[in-house]
Amino acid sequence: MGEKFFNKIELFLFDMDGLLFDTETIYVEYGREVAKEKGYTITKDIVGKTTGVTNDKARMLFKEALGQDFPYDEMMGTVKNYILEKALKGEVPLKLGALELLEFLEKNNKQMILATSSDLHMAEALTEGKDVKKYFSHLITAEDVVHGKPDPEVFLISAKKAGASPEKTVVFEDSFNGIRAAHAAGTFPIMVPDKLKPTDEILKLLYKKFDNLLEVLDYFKGKQ
């Protein structure tokens, strides 16, 4: 079944943070440290609400939760600089199965696009740092959209760039907002959870859920 499904798909869209790269761990753990130094506590609820959204949306949500005086831009600037430094050195790890899946899709002449809420500078640093930028025909980033996830704009723009219909597009996501956006775009949402387990609401929106990208690869090869 997985192999038959794979053959009909023309475009594969990859989220970046938490799906392709293990950046969410750094964002959350280092972000909590920076916030704690300033007297704030970042809860699991805040992490869940802000994962996969644009920077502007995250700023609004953080200030709603922690107060309008919360120094969001200062904190995120510190965290992003830390991650960027590691990314440029190739020190941010790929998620399990990421490279194997990218190689498999390339071997089968499938088009891939990176569709992320992060900015272009970060996307280029991460993908070039691990030498995976070559797999993507386009990098669609925060600069390319007006409305961030859960709005489907980033995925609709990606499909248009590729000349593919959403009905023949798979979206790989780890965040709730990313899944909501993929579903709203009319694509096939495949979730590989990172920090958050899918709720009943999210499960209803999925085509499939896998524990890691190696399992996705096995499914496409007809091993599941």
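Please treat every number below as a calculation from the coordinates, not as lab data. Predicted model only: the values in this text are computed from it and were never measured. Reconstructed Cβ throughout: ideal geometry from the backbone, glycine too, with neighbour counts over all protein chains shown.
Near residue 174: Cβ cut-off under 9 Å, other residues only, Lys/Arg at +1 and Asp/Glu at -1. The net charge is -3. Rounded to the nearest 5, the antiparallel percentage of DSSP beta bridges internal to the chain is 5%. The alpha carbon centroids of the range 1-77 and the range 107-145 are separated by 17 Å. In the chain, the longest principal axis of the Cα atoms and the axis of helix 55-66 are about 50 degrees apart.
Taking the Cα of residue 207, stepping 7 Å toward and past its beta carbon, and measuring to each backbone N in the range 164-195: which are under 12 Å? Taking a point 7 Å out along Cα→Cβ of residue 207, the residues of the range 164-195 whose backbone N falls under 12 Å are 165-173, 182-183, 186-191. Estimated from helices alone, the mean residue ellipticity of the chain at 222 nm is -14000 deg cm²/dmol (sum of -39500 (n - 2.57) over DSSP H runs with n ≥ 4, per residue).
When you filter the GluC sites (Glu not before Pro) in the range 1-69 for DSSP loop state and at most 16 other Cβ atoms inside 10 Å of their Cβ, you are left with 10.
Each peptide in 197-203, 209-215 was scored by the mean count of other Cβ atoms within 10 Å over its residues; highest first, the order is 209-215, 197-203. Relative to the dominant Cα principal axis of the chain, helix 23-37 is inclined by about 10°. Matching the structure-derived volume of the Cα convex hull per residue in Å³ against the labelled list (i) 123; (ii) 142; (iii) 108 gives the label (iii).
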